[in-house]
Structure formats: structure tokens, C-alpha cells
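Structure, as C-alpha cells:
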Amino acid sequence: MKYLITGGAGFIGSHLIGKIITKADKVIVLDNLLTGSKKNIEKFIKLDNFEFKPHDIQHHYDISEKMDYVIHLASCASPLAYTKFPINTLKSGSIGTINALGIARKFNSKFLLSSTSEIYGDPKISPQSEDYWGNVNPTGPRSMYDESKRFAEAATQAYVSEYDLNANIIRIFNTYGENMQLNDGRVVTNFIVQALNNDNITIYGDGLQTRSFSYIEDTVNGLLLALNYPKSEIFNIGNDNEMSIKDLATLILELTKSDSKIIYKKLPVDDPLQRKPDLTKSKKILGYQPKIDIVTGLSKTIQWIKNNSNKIV
Ligand code: UDP
């Protein structure tokens, strides 16, 4: 099987490649390395069945070799990154998705879109199931990400209805683990780096806002289940173990045995107050089941960050 992965040098892409590379006939990664890193794919570059092409999918990519799978991961994904690169974020979700869909259409490949829980915005219901339309500010500070992914979903659905493409959309909820960028402002990495350095832990707002954190291995397993699902569907992928940001801070302080103090900073505008996936559909249809609990996942992540301590910023 041959795979084309946009954004394959990113956090999720690098783990996905690790899962498929030994059995794949070929894996081609397109990445502009804006937020991805060559380091994430270093160990694959020497392999005969792996190709890395520095390319931004917002520009047409000419390919004549038939791909069995097209997986569109390319996007800025952290609030810090998409705020820094708003136009690129909009283009990778819009033009980039159309270009990736065009490649899949050409070869009748299976298509997978990595969408996000952000399409639910600041949800008015909890947990969020796939049929919830969301509560999104179309021009707010997170809009470049939320709306580009909403467009990406609409585009994918259009290729399903007009061209009968087999395409699945996964809405990925907050995922953490090895290979995350340590300086992109995400809460898990921020708190761990702060705790290991005995710096203040910065909680934004009162810390009562919630997220549901999924360890990377569970998220990638869900991605692969969706990729191989023969019909075209939309699935939430993540872990439904919801917790407050304050409880996350306390847990990370415990696990790192840190002396850091918690300080409170302003909550960013439009920061969602709650987020919890309803996994009923993905469990029932895909047999998806997240397995790694937060203590195990955080402990592995802390260890990885310690081992890469030269990266601590
Ligand atoms: N957050 C925080 N301190 C930080 C970084 C983030 O309290 O140093 C909060 C942030 O305001 C949000 C939650 O943690 O409520 C998750 O933030 P993240 O950027 O990781 O993901 P997202 O908001 O996209 O879910």
C-alpha cells in the first residue's frame, strides 16, 4: 500500500509513520516544515520505502504514482502557531484540503482528513457528539483554525457526494505525547517544561475550564481505524476522560515532584470552557477504545521531555 501524508513531519504524522512504515510499500511525506520538524522523521529518511518532499500543500503537487491512501494532516494546530501564521493556517485547511482531495480523486485513493474538536468552538453542550454543529466565532482569534477546518470538512463532504470518494473525517481532541513541540504554547508541554524547570505554572483564567487529553498512541490508533473504514463518515477521536486545567496542573506537579508555584494569567479570548468527546459513534462503528490513562501518558511524556532536556526552553 502507498501512502501520501501531508504534514507528515508533525507530531501526529511522525507517530502515524512509525505505525505503518514497516508494512507500507511507500510512504511519501509532504511538509513545509513550518511547525513540523525533520527531526521527527529522521529515522525514516534512510528507508527505501520513505520519501520526504519539502512542499506546502497549499500549492499544487504533481504526482503520477498511484497512492492508495491520502492523509491530510498539514496544518498549524496550536493556538500560538495558528495565531502566528493565520493565513497559512487558512490556506492549508482550504486550498491545501482541495489539493489533497484532488490527488485522492485522481487515484481514487482513500482519503482521511484530520479535523479537530475546535470545529465545535466553545460548545454549549457536553459531551460533544458528531452531530453537534458547534458554537464558533467566525472572526475571533481562533477563527483561522476553526473555520479552515470547518471548510476542510465541507470540502471533504463535497468530494464524497460529487465524486463518490471514500473519505473519512476525524475530529481529533487534545492529544499529547512524545514529539510535541515544546515551545508551541500547548498546556501539557507548557506545564511539564515549567514544572521541570521549577518555573511558575501558568494557568490561564481560573483553571476550571476543561479538556479531555488523549495520549498520542490512542489518537493514532483511532486515525488508522477511521482510515480503513470502508464507508465515508465523521468520527470523534480522543479520550473522554475530562479534567480541569487546574487538576492537570496539580497532577503534573505531583508527577514531576516539582516545587513550582501556580500563578494565574488572563484567559485568552474565546478559549473554550469545556471540551469532552462523545465517543459512542467511534466506539460502536470503529471499535475504537482509548487505552492509555492520563497518569501513564503524562509519565511517558515527562520522561521523553527529560530525555530531550536540551530542548527545554
Ligand atoms: N492553558 C493554560 N496555561 C498554559 C497553556 C494553556 O492554562 O500555559 C489553557 C488554555 O487557556 C486552554 C487549555 O489550557 O484553556 C488548553 O490549551 P491548549 O493551547 O493546550 O489547547 P486548546 O485550547 O487548543 O484546547
Assigning unit charges at the beta carbon (Lys, Arg +1; Asp, Glu -1) and nothing else, what dipole magnitude in debye, to the nearest 20, does the chain show about its Cα centre? 440 debye
Length-normalised contact order of the chain in % [C-alpha pairs under 8 Å, at least 6 apart]: 17 percent
Euclidean distance of C-alpha centroids, segment 1-19 and segment 256-313, integer Å: 21 Å
Can you give the angle from 0 to 90° between the axis of helix 187-196 and the longest principal axis of the chain, with both taken from C-alpha atoms, to the nearest 10? 50 degrees
How do V27, V160 rank when sorted from fewest to most other Cβ atoms within 10 Å of their own Cβ? V160, V27
To make sure I understand the rule: partners must be lysines, Cα under 16 Å from the Cα of K291, and not fewer than 8 residues away in the same chain. Which ones qualify? K283, K300
In whole angstrom, and with the biggest value first, how far do the Cα coordinates of segment 148-190 range along each principal axis? 43, 18, 13
Please state the relative contact order of segment 1-57 as a whole percent: Cα pairs under 8 Å, 6+ residues apart? 40 percent
Once the dipole of the chain is set up with Lys and Arg at +1 and Asp and Glu at -1 on Cβ about the Cα centre, which of N137, L251, S115 lies farthest towards its positive end? L251
About the Cα centre of segment 47-138, how large is the charge dipole given +1 on each Lys and Arg Cβ and -1 on each Asp and Glu Cβ? Please answer in debye to the nearest 20. 200 debye
Lys pairs in segment 66-201 with Cα under 23 Å (8 or more apart in sequence, or on separate chains) total 9
Let me know the shape class of segment 1-115, please: from the alpha-carbon gyration tensor, a ≥ b ≥ c as square roots of the eigenvalues, rounded when a/c is under 1.5, otherwise prolate if a/b is greater than b/c, or oblate. oblate
Using only the alpha carbons, work out the radius of gyration and Dmax of the chain in angstrom. 18.7, 58
log10 of Debye I(q)/I(0), alpha-carbon scatterers only, for segment 235-312 at 0.19 Å⁻¹: -1.04
Nitroxide proxy distance, nm - points 7 Å out along Cα→Cβ at D62 and K39: 3.5 nm
What aspartates and glutamates could a cross-link reach from K231, if we take a straight Cα to Cα line under 14 Å and drop same-chain neighbours fewer than 8 places away? D164
Calculate the length of the line joining the C-alpha centroid of segment 141-207 to that of segment 47-117, in whole Å. 16 Å
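Rule-based calculations on the coordinates, nothing more; no lab input. Since we're looking at a predicted model, the values are computed, not measured. Reconstructed Cβ throughout: ideal geometry from the backbone, glycine too, with neighbour counts over all protein chains shown.
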